[in-house]
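Notes to accompany the following structure.
The values are calculated or read from the model by the stated rules, or taken from the named source; none is laboratory data. Predicted, not measured: the structure shown is a model, and the values here were computed from it. Glycine also receives a Cβ, built like all others from the backbone with ideal geometry; neighbour counts cover every protein chain displayed. Note: areas computed on protein heavy atoms with side chains; ligands, DNA, RNA excluded. Shrake-Rupley method; radii C 1.70, N 1.55, O 1.52, S 1.80 Å.
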Amino acid sequence: MSPPDDSQKIQAQIAELREHIRHHDHLYYGLGKPAISDSEYDTLFKTLQDLEERHPDLVTPDSPTQRVSGAPLAQFAKVPHDRALLSLDSVLAPEEVSAFDKRIKKELDAGRIEYAVEPKYDGLSVVVVYENGTFARGATRGDGQTGENITPNLRSILARLACLTLHGNVPQRIVVRGEVYLRLPDFQALNRQLTERGEKTFANPRNAASGSLRQLDFRITESRPLVLTCYDLMVSSGQLPPTHGETVALLESWGLPVPEPAQRQVCDGIEEVIAFHRGMMEQREDLPFEIDGIVVKLNSLERQEQLGEKSRSPRWAIAFKFPPRKELTTVQDIVVSVGRTGALTPIALLTPVEVGGVTISRATLHNVDEVARKDVRVGDTVKVERAGDVIPDIVERVAIPGEQRGAPFDVPRSCPVCQSAVVEEGPVYYCTGQTVCSAQLKGGVQHFASKGALNIEGLGEKTVAQLVDQSFVKDLSDLYRLTRDQLLGLDGFAEKSATQLLAAIEQSKTPSLERFLFGLGIHHVGQHVAHILASEFGSLERLLTATSEELVEIHDIGTEIAQSVVRFFAEPRNVAVLDRMKTLGVAVQAAPHEATGQGAPLKGKSFVFTGGLESLSRQDATQRVEALGGRVTSAVGKHTAYVVVGKDPGSKLDEAKRLGIALLDETGFLELIRSAGG
Ligand code: IVH
């Protein structure tokens with residue numbers, strides 16, 4: 001214990017640190033205007049943590065150190081909406097939409113009606129408030145009357161879309177409604193990344209968008225490429241235009257993202273609406289985002305007002321939906337497949353059914369918990385769904401009155417391939433056969449040879465299966481012992497293909513550390529983690545002796561990954577395979593720790609991007625800067641060397657001008673990279 005006066009001093013120091021941290025939290029999370037660098041913030045935080053560790057009696061539950069990362073707050077603050085966020089009635093058939101038109105004509109006593117039509121985005125409804133042309137607040141729809149305050153999350157999205165500040169003659173206060181969603185390629189990439197990290201994936205883009213937006217830690221939202229499309233000006237302190245079509249054009253002129261011109265239309269009469277619906281349905285498969293129909297709105301705002309609204313939906317608009325991409329079929333069998341990690345995945349074999357133009361005969365049931373939760377059994381009728389390119393999913397079992405059901409699914413006690421014992425790890429069951437399970441070995445070899453790993457052309461599924469079944473390959477090192485005669489004995493091989501495969505195997509002997517690590521198929525080590533490990537450790541030898549403590553220190557590496565890596569390299573059989581590979585001439589190339597010296601002409605230079613680049617993605621641009629030793633940061637500061645200004649730049653450009661930072665357009669940036677040797 002410290003003497004009383006000391007203790008008082010420490011208490012005051014702790015209080016001051018907490019206040020400081022809260023202040024910077026507010027600047028960073030609340031206002032999006034950090035005043036100190038990340039490392040300065042980390043120092044403050046660490047100092048507080050150290051003090052609290054030495055004086056545990058002074059720790060209070062409200063201390064910033066007590067916030068678990070990822071779940072800093074119990075819940076979002078509630079915010080009442082300016083005006084109720086209504087929902088829409090929906091129809092499926094053209095006759096129903098014609099009936100809607102008839103009703104409107106009758107009520108308004110009008111002949112022909114103009115409708116504005118646009119996609120019905122399948123995401124989450126949000127409101128964004130701008131004051132004096134600058135983003136002020138944002139909320140989810142909630143129950144329509146009260147939403148959740150997600151200001152920091154929306155700020156991160158608007159910053160990426162370069163519309164934190166609007167331009168033109170924007171009224172003092174506007175409230176805009178729109179939809180936040182994930183584009184399909186981004187949804188698929190996100191699920192791949194989550195799988196790689198051993199985390200749960202999202203069933204569809206809508207769930208992924210919701211899960212990404214409603215994050216208390218806004219940095220998670222920031223890391224997910226959510227987009228926004230605005231479709232309503234709910235409140236304006238200025239004059240509203242006379243029609244919806246003009247309102248959308250106005251929002252666009254201020255710099256807000258709105259439905260693309262090709263995807264919105266003002267229709268003269270309901271026939272044109274029906275034709276637009278048909279056209280969008282045809283385009284649906286080619287769109288890079290999910291829509292579940294179109295929204296039909298009376299174009300005249302005056303007439304909208306005249307018709308008014310019911311309790312939860314307006315009388316002047318309707319959702320004209322598409323037929324669902326879900327169909328019913330029956331389960332013929334439930335089989336278990338064994339993956340390269342040994343995980344057993346229950347697969348439902350279905351009576352083939354066409355869902356949204358594709359015939360489906362298998363659906364994954366993910367894991368045993370999922371089978372139990374959905375209570376799917378052989379013979380059951382189930383609803384299957386397809387979202388984007390994702391493997392079809394069984395949405396639910398459909399109970400049929402009076403049906404005779406089969407027995408519940410039972411996990412096999414032994415591996416269906418090698419008969420080794422099956423063990424349980426959470427909801428996942430694993431075959432313990434590791435090196436003796438031919439299914440694991442086949443999966444492992446195929447993975448090792450795959451494009452992202454050692455890229456051995458000609459080593460596809462069929463060849464690998466034969467090599468394993470004939471016992472030519474008993475572990476990865478055996479690939480480097482294969483002979484021409486062995487290959488010539490395989491189905492589908494002749495002189496030329498055997499020579500080509502041997503050459504491809506020979507060529508794979510000098511893989512980069514990153515590819516090699518990924519290829520080993522270590523649990524939880526996907527491409528992203530392999531990249532991090534390679535750049536942190538530089539050589540296989542160093543990684544072989546890494547400890548769990550060392551590994552968790554690295555950003556993005558959690559305990560599960562760390563333990564898995566350590567366990568892999570502690571297994572004598574794995575080390576023996578690596579040794580054999582080395583003896584057989586496999587020389588894993590050391591990775592540059594970080595671009596330094598001559599290879600780092602941009603060392604110490606930090607870049608900030610604002611607006612969209614045309615010839616390359618942000619990610620590519622970042623990689624090119626980093627490869628030359630430079631850094632890319634998100635905020636413009638005194639130390640920023642260059643601000644790269646793309647299409648539709650945001651407020652970072654203003655900030656750069658204010659601070660007198662050098663500006664580069666895309667061509668200038670590419671020239672700089674080229675002249676630096678990139
Ligand atoms: S207009 C009063 N337009 O659909 C007007 N909504 O089922 C109500 N949605 O909660 C909204 N795209 O989240 C409108 N172009 C669009 C839309 C759209 C998607 C969503 C919105 C709403 C739900 C209604």
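A few notes on this one:
- When you work out D = kT/(6 pi eta Rh) for segment 291-443 at 10 °C and 1.306 mPa s, using the Kirkwood radius from C-alpha pairs as Rh and the Stokes-Einstein form, the result is 86 µm²/s.
- A protection proxy built from the mean count of other Cβ atoms within 10 Å ranks the segments 531-540, 517-526, most packed first, as 517-526, 531-540.
- Across the chain, Cα-Cα pairs farther apart than 45 Å form 35% of the total.
- Among the GluC sites (Glu not before Pro) found in segment 153-226, those both in a DSSP coil and sparsely packed, with 16 or fewer other Cβ atoms within 10 Å of their Cβ, are Glu199.
- Dividing the helix sum by the residues of the chain, where each DSSP H run of 4 or more adds -39500 (n - 2.57), gives a mean residue ellipticity at 222 nm of -11000 deg cm²/dmol.
- For the chain, the solvent-accessible area works out to 51 Å² per residue, with a probe of 1.4 Å and every protein chain left in place.
- Whole-number percent relative contact order across segment 61-196, with pairs defined as alpha carbons under 8 Å at least 6 apart: 27
- 3J(HN,Hα) from dihedral phi, segment 43-48, Karplus parametrisation 6.51/-1.76/1.60, rounded to Hz, x for glycine, proline: 5, 4, 5, 5, 4, 5
- The chain: Cys lacking any partner C-beta under 4.7 angstrom: Cys163, Cys230, Cys267
- Taking 27 Å as the limit for the C-alpha separation, the pairs Lys78/Lys647; Lys46/Lys638; Lys78/Lys383; Lys200/Lys509 exceed it in the case of Lys78/Lys647; Lys78/Lys383; Lys200/Lys509.
- Under-5 Å amide H pairs with Asp292, H placed in peptide plane, nonlocal only: Lys120, Asp122
- Three-way shape label, segment 540-678, alpha-carbon gyration tensor, a/c 1.5: prolate
- Ordering 299-311, 402-414 by mean Cβ neighbour count within 10 Å, with the highest value first, yields 299-311, 402-414.
- Quarter of Cα convex hull surface for segment 427-525, i.e. mean projection, nm²: 6.5
- Surface composition of the chain: carbon and sulfur make up 49 percent of the accessible area, probe 1.4 Å.
- Length released on extending from Leu584 to Val335, taking residue separation times 0.36 nm less the Cα-Cα span: 85.7 nm
- Selection from Thr559, Val464, Phe518, by position along the positive dipole direction of segment 427-584 (Cβ): Val464
- Each of Gly426, Ala504, Leu578 was scored by the projection of its Cα onto the charge dipole of the chain, and the greatest displacement toward the positive side belongs to Ala504; charges sit on the C-beta of Lys, Arg, Asp and Glu.
- Rounded to the nearest 20 debye, the dipole magnitude of the chain is 320 debye, with +1 charges on Lys and Arg beta carbons, -1 on Asp and Glu beta carbons, and the Cα centre as origin.
- Taking amide H atoms as placed 1.01 Å from N in the peptide plane, the amide H of Val258 lies under 5 Å from those of Cys230, each 5 or more residues away in sequence or on another chain.
- DSSP-defined antiparallel bridges as percent of all bridges, the chain, nearest 5: 85
- For segment 85-223, the residue among Gln172, Val126, Ser223 whose Cα projects farthest onto the positive side of the dipole built from Cβ charges is Ser223.
- Three principal axis lengths of segment 304-390 [C-alpha, angstrom, descending]: 64, 26, 25
- The Cα-based radius of gyration and maximum Cα-Cα distance (Dmax) for segment 122-217 are 14.9, 49 Å.
- Of the Cα atoms belonging to segment 211-313, the radius of gyration and Dmax stand at 16.4, 47 Å.
- Mean Cα-pair separation over length for the chain, i.e. relative contact order, pairs under 8 Å, 6 or more apart, %: 9
- Dipole magnitude for segment 289-337: computed about the Cα centre from +1 point charges on Lys and Arg Cβ and -1 point charges on Asp and Glu Cβ, it is near 220 debye.
- Pairs of Cα atoms in segment 419-465 fall into 5 Å distance bins, from 0 up to the last occupied one, in shares of 5, 21, 22, 17, 15, 12, 7, 1 percent.
- Ignoring lysines fewer than eight residues from Lys102 along the same chain, the ones with Cα atoms less than 24 angstrom from its Cα are Lys120, Lys297, Lys310, Lys321.
- Computed from point charges on the beta carbon alone (+1 for Lys and Arg, -1 for Asp and Glu), the dipole magnitude for segment 484-611 about its Cα centre is near 360 Debye.
- Pairs of alpha carbons in segment 630-678 whose separation is greater than 14 Å (percent): 51
- Cα convex hull of segment 138-182, projected area averaged across orientations, nm²: 3.9
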